[in-house]
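Derivation of every value follows stated rules applied to the coordinates shown; laboratory data play no part. A quick note: this is a predicted structure, and the numbers were derived from the prediction, not measured. As a convention, Cβ positions derive from the backbone with ideal geometry for all residues, glycine included, and neighbour counts pool all protein chains shown.
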Amino acid sequence: MGEVTVPSMVRLEEGVRWIPGANALLGPLNKLVNWGRAGSIWPVTFGLACCAIEMMDAGASTNDLDRFGILFRASPRQGDCLVVAGTVSKKMAPVLRRVYDQMPEPRYVLAMGSCACSGGVFDTYAVTQGVDQIMPVDVYVPGCPPRPEALMEGFIKLQEKILKEQFRWSQWR
Amino acid sequence: MSVPSRKILEVPVADGENERYSLRMGPQHPATHGVLRVDLDLDGETIMRCTPQVGYLHRGFEKLAENRTYAQALILTDRLDYIGAMANNVGYCVAVERLLGISVPMRAKYIRTIAAEMSRLSSHLLWLATHALDVGAMTVFLYCFREREILLDLFEELCGARLTYSYPRIGGVRQDVTSRFVDELGRFIDIFPSRIEEYETLIDTNRIWLKRTVGVGKLSGAEALALGITGACLRGSGVDYDLRKHQPYDAYDQVDFEVPLGSDGDVYARYRCRMEEMHQSIRIIRQCLDQLPPGPIIGPDAPDLIMANRAPARMAAGSNRYGGGLIQLIRDQDLFPSGDIYVATEVPKGELGFYFISEGSNRPYRMHIRSPSFMHISALAVVARGGLIADLIANIGSLDVVLGESDR
C-alpha cells in the first residue's frame, strides 16, 4: 500500500513486452498483431494422404501441437493456415483451391510432404506436380512423409515468417 | 484458377409431407477418413440413397508399376494403405516371390510376420482412435496414439522409417532385427494387453458408445460376401475367412492363433472383432519372437533393385568357317517366367490381392491391385441406406476405409 513498484517488463518477442503488474502488453501495433497471429495458428484439417497420418500424430498426445497454440479446425472459415498434407490429385485440386478461397485472410499455406511440394514419386497423369501450381505456398516441409518434428519445424518457420511481416496487412491499421 | 461454382445443397423438393434434398458430404470432411465424397439423398435426416464417390486420391499406382522393375515398384505399395504399410509391403513381396519362384529363408519369414502383425496393431490402433473420435470419444484418440507412438518407434528401430517402410525385400528382408528391437518389442507386447483393457474400460460399456454402435450398420454374412467385403468387417458378420489361417503365407502356418468372429454384423461386432484381433496379433508376435530361427535374412536368388532383364550371352572364340570370330555358347534367355498370377494376403483392412501379368520381362505388363477399401466403400451404399446421417459417420469409421488404397 502506498508504494509504487516500477513494473519490470518481460520480453515476449522482438518488440512485444509484457508488463506483469499492469497486465498489459507494450509494443508497436504491427508487432503486437504479428505476435498474436504467430501464437494462434489454427490450421484447417485437410488430410489428403499418407502425410495426414503424421499430421494427426503431430496433433496427438506425444507431439502435442496445442503447445504452439495450434488447434486443428474442421472448417476453412475458422482457419488461418492450410496444411496440405498429401498428394493433390487433379480431381482434388479444384476442391483444395475452393477451400483455400473460403479461408479468411490472412491465410497461410504449408505444403507438407514431397507430393504437396513437388509431386513426389507420383509423376503421373493424375497428380498435380506440387500444390504451388494452384495456390501460393509459405512453407515447404519435405519428406515422404515428414516426421511430426519436421512439421513442427515447419510451423515454427511459419511463425518466424508471420513475426517478420510488415506491410502485407498494413491497410487494416 | 477459376473454380466452377457447384451446388452444395440442392433446392428441396416438396414430396407430400416430407422434404427431400441431396447433400454432398466431403471430400473435405474430417470424418470421411481422407478424401471420400458421399452423395446423400435425404428424407429429413434419414438417408434414402447413399452414393460414394471415389477417385480424389487416384495417383496411378498401377501405371507407375508398369514402368518399374518388380523390386523398384515395392516403394509404391507403402503408399497404398499408409496406415498399415508394412502389411502391404509383405503382401507385394509374397506375390512377386510366387510369380518369380523365389524362395525366402525361414528367419526372414518370421521377421516379416512380426512386422506385418505390428503393422496390424498400428492400423487397428489408428482405426480405433479415429473411429472413436468420429463417434465422439476424444480420450480414446489420445490413448491410442500414445501406444501407436511406441510402435512407430519400434518400426524406426527395425528399419529407420516411421510410416513408409519398404522394409521387406523380394526374397527376404532388408536388414536383420537388432537385439534391442527384440527386447523392446517383448516389453511392448507385455504391457499392451493391459492398454487394450484400458481402451475397453473407456468405451466397451459406455452408454453413448453402445447407442452409437449396437445395431447400427447391420450386414448379414451373405450380404457381406456378396459385396466382396473381407477382413474384420466380414468376420464381424460371422463368416470365418482369414487368409492367414486358410491360405497361409510367411510364418503364419507355424504359429497358433484364433480367428475372432462376431455374429451381429453391426458396428459394435466389427469393433469387438478388431479388439480381439489385436490380442491375437500379440499372440502371433510373441510366438514368432520365441521361435525366431537363426540363419540368413535374404535368399540367394533374391533380385537386385535393377533387375537385369536377360542373362548376358556367353561367347567363345570360334573358327572363321561359320563367318564369325565368336560363337555363342549360351543364348541370351528370359530370366522371368511369363503368365499371370493372383496372390492375396491378409492386410489389416482385409484381403489385399496383387494380380500380375508377366510377359517375361523384369517389369509387370499389368499390375492390378485388389484393395479391400474399395470394396468396403462400395458396401457403404448398402450399409448406410435407411440409417441416419450420424450413423453414416459410424459406418465409415467401422468399415475402416483408406482412400489411398481405394483410389490407388
Under 1.5 on a/c is rounded, so check that first for the protein assembly as shown, then, if it is not, pick prolate when a/b is larger than b/c and oblate when it is not; a ≥ b ≥ c are the square roots of the alpha carbon gyration tensor eigenvalues. prolate
Shape of chain A, Cα gyration tensor, a/c cut at 1.5: prolate
What is the calculated FRET efficiency for A:Glu153 to A:Arg98, with r their C-beta to C-beta distance and R₀ = 30 Å, to the nearest 0.05? 0.55
Which order do the peptides B:143-150, B:83-90 come out in when sorted by mean C-beta neighbours inside 10 angstrom, highest first? B:83-90, B:143-150
Take every residue in peptide A:61-71, count the Cβ atoms of other chains within 10 Å of its Cβ, and give the average of those counts. 2
Residue-wise, which Karplus ³J(HN,Hα) couplings in Hz belong to region B:380-396, taking 6.51 cos²θ - 1.76 cosθ + 1.60, θ = phi - 60°, and x for glycine or proline? 4, 4, 7, 5, 7, 5, x, x, 9, 4, 4, 6, 4, 4, 4, 5, 4
What does the average come to when, for each residue of peptide B:76-82, you count the partner chain Cβ atoms lying within 10 Å of its Cβ? 4
Amide hydrogen neighbours beyond the local backbone of A:Ser75, cut-off 5 Å, H modeled: A:Thr45
How long is the gain from A:Asp138 to A:Lys161 if the chain were fully straight, where each residue apart is worth 0.36 nm and the alpha carbon distance is subtracted? 7.4 nm
In nm, give the distance between the simple-model label positions of B:Val382 and B:His368, each being 7 Å from the Cα along the Cα-to-Cβ direction. 2.0 nm
Amide N proximity, region B:77-116 versus B:Gln254 label position 7 Å along Cα-to-Cβ, cut-off under 14 Å: B:104-116
State, to one decimal in nm, how far the label point of B:Asp204 lies from the label point of A:Leu26, with both points 7 Å from Cα in the Cβ direction. 6.0 nm
Express as a percent, rounded to the nearest 5, the fraction of DSSP beta bridges in the protein assembly as shown (both residues included) that run antiparallel. 80 percent
Rounded to whole Hz, the Karplus (6.51, -1.76, 1.60) HN-Hα couplings of region B:204-221, x for glycine and proline: 4, 10, 5, 4, 5, 4, 5, 5, 7, 10, 6, x, 9, x, 6, 9, 6, x
